[in-house]
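Below is one structure, written out as structure tokens, with a few remarks after it.
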Amino acid sequence: MIDFDTQHILHPYAASVPSTDIHLVKSASGVYLELENGEKIIDGMSSWWSVIHGYNVPELNAAATEQLSKMSHVMFGGLTHEPAIKLAQTLLSITDENLEHIFFSDSGSVSVEVALKMVYQYWNSQGNKDKTKILAFSKGYHGDTLGAMSVCDPITGMHSAFEGVLHKNIFAEAPECMFADEWDEKYIEDFKAKLQKNYKIIAAVILEPIVQGAGGMRLYSPHFLKRVRELCTEYDVLLILDEIATGFGRTGKLFAYEYGEVSPDILCVGKALTGGYMSLAATLTSKKVMQGVESGGNVLMHGPTFMANPLACAVANASLELLLNSPWQKRVLDIQAQLEKELRICEELEIVQEVRVLGAIGVVELKEDGDLAWLTGEFIKRGVWLRPFNKLVYIMPPFVINEEELRVLTSAIYEVLRVYSKK
Ligand SMILES: *Cc1c(COP(=O)(O)O)cnc(C)c1O
């Protein structure tokens, strides 16, 4: 089977004939992935931020099975259903009160596309044809579709590979004021200058609140977010917050923007929305934005085939119920405390630049790019699944991980990096 895979199946950001090993997962349960040879390894990645309750969760299985026996899908044009209505009610009640409308889509990238279409249409419908640019940030990541890519970091987002194809946007320097740093107005100067100079052509600002994820795993000051919000309001530019990675408790708040006490005009959620069971995302927005979009009799021009898929919505409802009725915040803060204690010692190693921790996110930044294939192999030998990229070895385990399981992860990181530093 692996042979067929390596010859025919493409994997994320990988050569068609991959240079690193690929591992077959037979099943998964709790925080464990079971490999082909029966070996069980602890998942430190939550399958890219999404599997917050672990795998094979009885409550989520039950919700999927129950919905399956009613209907797994029905078109959303002209029809609606209880799973979508319930999910909308919950999402609108747990997010900022300014958000009153919701658009369901299939993936995070598409929820960003929808957000971008909302802001373009918001200005266009009101007769403003100049506001066609997005002010985004270096080191930002918002997805892999063309619109989303056009607001990703121009370097790590590989804009050069799509030269002449992507919409040209404006980029401010990445937030330099790290999470616990003392605030200074100088940190916002670059953003402010670009906004001041270009606000007439800027439709919106897009930003990942508090954690810049795939673009560098950087944790920045809530004060920065607060200033971005204030300046967007001052210059009449909409603010899109991308909580696809950070949403649903990962940072220690239900949504990371709560750290900055700000209110987004548009909010994107995805990844952990279904507890990692299936692909579902949503774009939430305010009455003001929808009224703008609909000026002159227009409507938002988007409508995916699998919009608000009932099966995905039913699982999302069960996942949110499980999350909100669990001591998620205590769990995440306990994980934070343990990561702080057990990852910090990596800073002793010569090859390590810095350790950063927030909520259930732990990042060990190396001074140089790591050898992905070697590191991954060593991690598996120690019973853990981690997938470093470039200089970053990072973990975001399921919230249900216990102290011992988490220690297996953190000691594997320390041990492997210790060996690596002597290589
Ligand atoms: C993963 C991610 C996306 C894209 O989501 P997909 O479901 O992979 O399309 C967008 N923004 C952020 C912040 C993400 O982490």
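The values are calculated or read from the model by the stated rules, or taken from the named source; none is laboratory data. Being a predicted model, the structure only gives us computed values, none of them experimental. Please note: Cβ atoms are built from the backbone with ideal geometry, for glycine as well, and neighbour counts cover all protein chains shown. These area figures cover heavy atoms from the full protein model, side chains too; ligands, DNA and RNA do not enter into them. Shrake-Rupley method; radii C 1.70, N 1.55, O 1.52, S 1.80 Å.
Observations
- Strands (runs of 3 or more DSSP E) (entirely within segment 339-408) containing at least 2 residues that are over 20 Å from ILE210 (Cβ atoms): 352-358
- Picking from residues in segment 294-317 that are buried (at least 24 other Cβ atoms within 10 Å of the Cβ) and of a type in the set (A, V, I, L, M), the one that is nearest to LEU79 (Cα to Cα) is ALA308.
- For beta carbons closer than 8 Å, sequence separation of 6+ or different chains, a first residue in segment 230-248 that is small (Gly, Ala, Ser) and a second that is within 16 Å of the ligand (Cβ to nearest atom) and in a strand (DSSP E or B), the qualifying pairs are ALA245/VAL211; GLY247/VAL269.
- Qualifying position, being closer than 14 Å to ALA115 by Cα and free of Cβ contacts under 8 Å to residues at least 60 places away in the same chain, among LEU146, LEU166, LEU135, LEU207: LEU146
Listed here are the residues, each with its yes/no results for (1) among the β-branched types (Val, Ile, Thr); (2) assigned to a loop (DSSP other than H, G, I, E, B).
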residue	(1), (2)
THR6	yes, no
ALA15	no, yes
PRO18	no, yes
ILE22	yes, yes
ALA63	no, no
LEU68	no, no
MET75	no, yes
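- Answer from VAL416, VAL393 - the residue that is under 22 Å from the mean Cα position of the chain (by Cα), surrounded by 22 or more Cβ atoms within 10 Å (Cβ to Cβ) and not acidic (Asp, Glu): VAL393
- Of all residues in segment 272-291, those being touching a Phe, Trp or Tyr at 6+ places or on another chain (Cβ under 8 Å), within 16 Å of the ligand (Cβ to nearest atom) and hydroxyl-bearing (Ser, Thr, Tyr) number 1.
- Count - residues of segment 11-65 that are of a type in the set (A, V, I, L, M), more than 16 Å from the ligand (Cβ to nearest atom) and either open to solvent by less than 30 Å² (accessible area, probe 1.4 Å) or at pLDDT 95 or above (or both): 13
- Taken over segment 165-192, the criterion of being open to solvent by less than 70 Å² (accessible area, probe 1.4 Å) and more than 21 Å from LEU219 (Cα to Cα) is satisfied by LEU166, ASN169, ILE170.
- Unique residue being acidic (Asp, Glu), out of contact with any helix residue (DSSP H, G or I) (no Cβ under 7 Å at 6 or more places or on another chain) and under 15 Å from ASP96 (Cα atoms) when the list is GLU208, GLU243, GLU258, GLU234: GLU258
- Test: LEU91 is open to solvent by less than 50 Å² (accessible area, probe 1.4 Å), within 17 Å of ALA245 (Cβ to Cβ) and either in contact with a Ser or Thr (Cβ under 7 Å, 6 or more places away or on another chain) or assigned to a helix (DSSP H, G or I) (or both): yes
- In this entry, GLY157 passes the filter for residues that are assigned to a loop (DSSP other than H, G, I, E, B), within 16 Å of the ligand (Cβ to nearest atom) and over 19 Å from TYR257 (Cα atoms).
- Within segment 94-118, the set of residues being within 16 Å of the ligand (Cβ to nearest atom), not in a loop (DSSP other than H, G, I, E, B) and not polar (S, T, N, Q) comprises PHE103, PHE104, GLY108, VAL110, VAL112, GLU113, VAL114, ALA115, LEU116, LYS117, MET118.
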